Amino acid sequence: MKKYNVAILGATGAVGAEFLKLIEERNFPFNELRLLASKRSAGKVINFMGKDYTVEEATHDSFEGIDIALFAGGSISKEFAPYAVKAGAVVIDNSSAFRMDPEVPLVVPEVNPEAILKHKGIIANPNCSTIIMLMALKPIYDLAKIKRVIVSTYQAVSGAGKEGIDELTNQTAAYLKGEEMVANILPSASAEKHYPIAFNLIPQIDVFCDNLYTKEEMKMVNETKKIMDDYDMRITATTIRVPVYRSHSESVNIELEHDVTLDEIKNALANFPGVIVQDDPATQTYPMPLYTSDTDEVYVGRLRRDESAPNSFNLWVVGDQIRKGAALNTLQIAEVMIKNGWI
Ligand code: 3JN
């Protein structure tokens, strides 16, 4: 099997670390592996599969000879992607920089793999909350077109990176000792005001847009339409940060174009690759973020009719946002390209 020269930009962050875990776990066919990061992390040594790799400072020349460039996300994507493409690499980017660019495919491999074929060097990985929701919506959409979606998210602190995790730990310890909780990161590092997340919920993820929604909410709306290629679908989102370390949860209400049975929905979900149905009220079985973390699948439960409206259903969706919501989805895009001879 052909092996590929792979670069990881942002190798020292939460998503970068997950790339490494998954490359090993999935036996990804790599030849050279180049770990890139900002100047601050350059020089750090990472032992991976028995070999020491020194993290290099990312420069415009970092991508010579690279076949696949996995970008962990963040503001540096915009700067480096054009140089990686010019060097002949395919960039798969986790940031929002290119997601809504009509020239850039936005891909969940189980949902719209064929979109990859239209790439011109860059492929975008959707927002984590969008990916997790669409894994549950696509099999239902294939049964009956979804006319409207109302989603509320319960997003883990690791969505805000390692600093988000540390903040929950430190604030919890402080609170239990009766000390003041220090908040510097959430709701977003760039926000003017910060609030504690321990023993709290924050109804703001990312910054506010002019329409009073947050950017995270509008990402879910706009990205879903692009991935599903359905600009008639009506979607409204409320995104909430919760004091959970890992795995995002979502309460989703959908209205379908025509009625289907609950069993049909359940079967479609159970047969969809990457989805696990955990749904049995009699045994109190439903997905919870504590148990879905560090796993690859998206879990669906609490499936029931919305008795207040025709052809409408409620579901509860949970998935590890660093795995399927980020690193895993990105690597799966590369795997689909390799499997189909698209690279
Ligand atoms: O907060 C979360 O749970 C997900 C965060 C995603 C995120 C954070 C900072 C910048 C993104 C994203 O993937 O949409 C971005 C961005 O690239 O805009």
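Taking the criterion of being more than 14 Å from the ligand (Cβ to nearest atom), within 19 Å of the chain's Cα centre (by Cα), over 27 Å from Val91 (Cβ atoms) and of a type in the set (Gly, Ala, Ser), would at least one residue in the range 121-143 satisfy it? Yes: one or more hits. Restricting the search to strands (runs of 3 or more DSSP E) fully inside the range 48-161 and requiring at least 2 residues that are modelled with pLDDT of 95 or more and hydroxyl-bearing (Ser, Thr, Tyr) gives 51-54, 146-155. Restricting attention to the range 169-195, the residues that are among the hydrophobic types (A, V, I, L, M, F, W, C) and away from the ligand (no atom under 13 Å from the Cβ) total 6. Within the range 221-279, restricting attention to residues that are part of a helix (DSSP H, G or I) and without any contact (Cβ under 8 Å) to a residue 24 or more places away in the chain, the residue that is nearest to the ligand (Cβ to nearest atom) is Val221. Look at (1) among the small types (Gly, Ala, Ser); (2) crowded, with 18+ Cβ neighbours inside 10 Å; (3) more than 30 Å from Cys209 (Cα to Cα) and you find that Ser249 fails only one, number (3).
Per the conditions (1) surrounded by fewer than 20 Cβ atoms within 10 Å (Cβ to Cβ); (2) under 30 Å from Asp306 (Cβ atoms); (3) within 16 Å of the ligand (Cβ to nearest atom); (4) of a type in the set (S, T, N, Q), the sole criterion not satisfied by Ser75 is (2). Filtering the range 298-337 to residues that are surrounded by fewer than 21 Cβ atoms within 10 Å (Cβ to Cβ) and within 30 Å of Asp67 (Cβ to Cβ) leaves Glu335, Val336.
Scanning the range 197-216 for residues that are within 11 Å of the ligand (Cβ to nearest atom) and either buried (at least 18 other Cβ atoms within 10 Å of the Cβ) or closer than 14 Å to Tyr154 by Cβ (or both) turns up Ile202, Gln204, Ile205, Asp206, Thr214, Glu216. What number goes with the only condition from (1) under 13 Å from Leu134 (Cα atoms); (2) without any contact (Cβ under 8 Å) to a residue 60 or more places away in the chain; (3) more than 16 Å from the ligand (Cβ to nearest atom); (4) outside any strand (DSSP E or B) that Tyr299 does not pass? Single failed check for Tyr299: (4).
The values are calculated or read from the model by the stated rules, or taken from the named source; none is laboratory data. Because the structure is predicted, anything quoted here is derived from the model rather than measured. Cβ coordinates were reconstructed from backbone atoms using ideal geometry, including for glycine residues, and neighbour counts include every protein chain displayed.
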